[in-house]
Amino acid sequence: MKITESVKDNVSQVYIKGRFDAHTCETVDAYIREKMEKGRHQFVLNMEKVPFIDSAGLRVVLVIARDLRGEYQGDLRFAILQPAVNKVFEISGLNNVLRIFDDAETAAQSFSE
Amino acid sequence: MRQSFDFPADTSVLAKIGELATETGRAAGFNDNEINDINLAVSEVCTNTITHGLKNDPTRTFQLVIQWNTGEIEIFIHEAGEPFDPPDLKDPDLEASLEDRPVRGLGLYLLRNLMDEADYRVGRDGVKTWRMLKRKAEA
């Protein structure tokens, strides 16, 4: 799992690469929560290089999004889900409660709407 | 064809297990979409076994058995860990709002949705076994 970040207009684009599973989800959780503690509350998780997510990964993004919306009026939004990952979001119904975009630019711009 | 592997109870083995499921699924003639289903289902059960059954103790092990024929794959996960009663777990409420969305129970829900058969039993020797089976969809 590799994580990088770029920030523009107060929106943090977090790029993750690799399996997002029970072994790696805590790394993503810790990374984003560290940024949250430093005052960042608008995130786009770029999933272009994530071929796989399991329920542990889903739990992490669900709870982060819930915390950001509930406590900070922020959000965790998603860009470029691979077909296998998109299918898991759909089966679990998370596509109904999380905001997912086809490209990272649109996801970032959605915070200024 | 049948293969058997022993793994330590450490989530670092999940990527390797995913590779095995992918290779075997391909050998059995499944397409990429079906292989992704198999990969996720086996990962969910192994995660459950590692974290709940064996308490993330890498000195303890579980056994993964994969057997397949063309168009059909059957996977067994055997472990002698803590008791677990999956029938007690209800399907998560997929209509709930983000605030009310439960964060547990999703893994087994995915398993039941992705595979044609999935069951769990405890043997007389106390060894617990998950079994799952997937058949290739008719073309």
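Where the centre of each part is set by its Cα atoms, how far does the range A:11-68 sit from the range B:94-139, in angstrom?
If you average the Cα positions of each part, the centres end up 24 Å apart.
May I ask what percent, to the nearest 5, of DSSP beta bridges between residues of chain A are antiparallel?
Percent antiparallel among DSSP bridges in chain A is about 35.
Report the label-to-label distance for residue B:124 and residue A:48 in nanometres (one decimal), using points 7 Å from each Cα along the Cα→Cβ vector.
For the pair residue B:124/residue A:48, the computed spacing is 5.9 nm.
Tell me which aspartates and glutamates have Cα within less than 17 Å of residue B:16's Cα, excluding those fewer than 8 residues away on the same chain?
Within the straight-line cut-off, residue B:16 pairs with A:21, A:54, B:6, B:37, B:44.
Write down the percent of antiparallel bridges among all DSSP beta bridges whose residues are both part of the protein assembly as shown, to the nearest 5.
75 percent
Tell me, what % of the accessible area of chain A is carbon and sulfur with a 1.4 angstrom probe?
44 percent
Quick one: if the Förster radius is 41 Å, what FRET efficiency do residue B:135 and residue A:99 give, using the C-beta to C-beta distance and rounding to 0.05?
Efficiency for this residue pair is about 0.70.
Roughly what would the spin-label model give for residue B:16 and residue B:70, points 7 Å off Cα along C-beta, in nm?
Going by the 7 Å Cα→Cβ label model, 3.2 nm.
Can you pull out the GluC sites (Glu not before Pro) in the range B:1-107 whose DSSP state is coil and whose Cβ has at most 15 other Cβ atoms within 10 Å?
B:95, B:99
Below 11 angstrom from the Cβ of residue A:109, what's the summed charge of the other residues (Lys, Arg +1; Asp, Glu -1)?
Combined, the nearby Lys, Arg, Asp and Glu give -2.
Stokes-Einstein D for the range A:1-103 at 10 °C, 1.306 mPa s, Kirkwood Rh over Cα pairs, in µm²/s?
118 µm²/s
Please go through the residue pairs A:8/A:49; A:87/B:128; A:17/B:55 and name each one whose alpha carbons sit more than 23 Å apart in this structure.
Table pairs above 23 Å Cα-Cα are A:87/B:128; A:17/B:55.
From other protein chains only, count the Cβ atoms within 10 Å of every residue's Cβ in A:50-59, then give the mean.
Counting other chains' Cβ atoms within 10 Å and averaging over A:50-59 gives 6.
Whole-Hz ³J(HN,Hα) for each residue in the range A:8-14, computed from phi via Karplus 6.51 cos²θ - 1.76 cosθ + 1.60 with θ = phi - 60°, x for glycine and proline: what do you get?
9, 6, 6, 9, 8, 8, 10
For residue B:112 paired with residue A:6, estimate the spin-label separation in nm (one decimal), with each label point 7 Å from Cα along the Cα-to-Cβ line.
Between residue B:112 and residue A:6, the simple spin-label model gives 4.4 nm.
Bin width 10 Å, alpha-carbon pairs only: give the P(r) of the protein assembly as shown as whole percents, running from 0 to the bin holding the largest distance.
With 10 Å bins starting at 0, P(r) equals 7, 30, 34, 20, 8, 1, 0.
What number comes out for accessible area per residue over chain A if the probe is 1.4 Å? Units Å², please.
Spelled out: the 1.4 Å probe surface of chain A, per residue, equals 46 Å².
The values are calculated or read from the model by the stated rules, or taken from the named source; none is laboratory data. The model shown is predicted, which means the values in this text are computed figures rather than measured ones. Neighbour counts run over all protein chains shown; Cβ positions are idealised from the backbone, glycine included. Quick note on the areas: whole protein, heavy atoms, side chains included, nothing else; ligands and nucleic acids left out. Shrake-Rupley method; radii C 1.70, N 1.55, O 1.52, S 1.80 Å.
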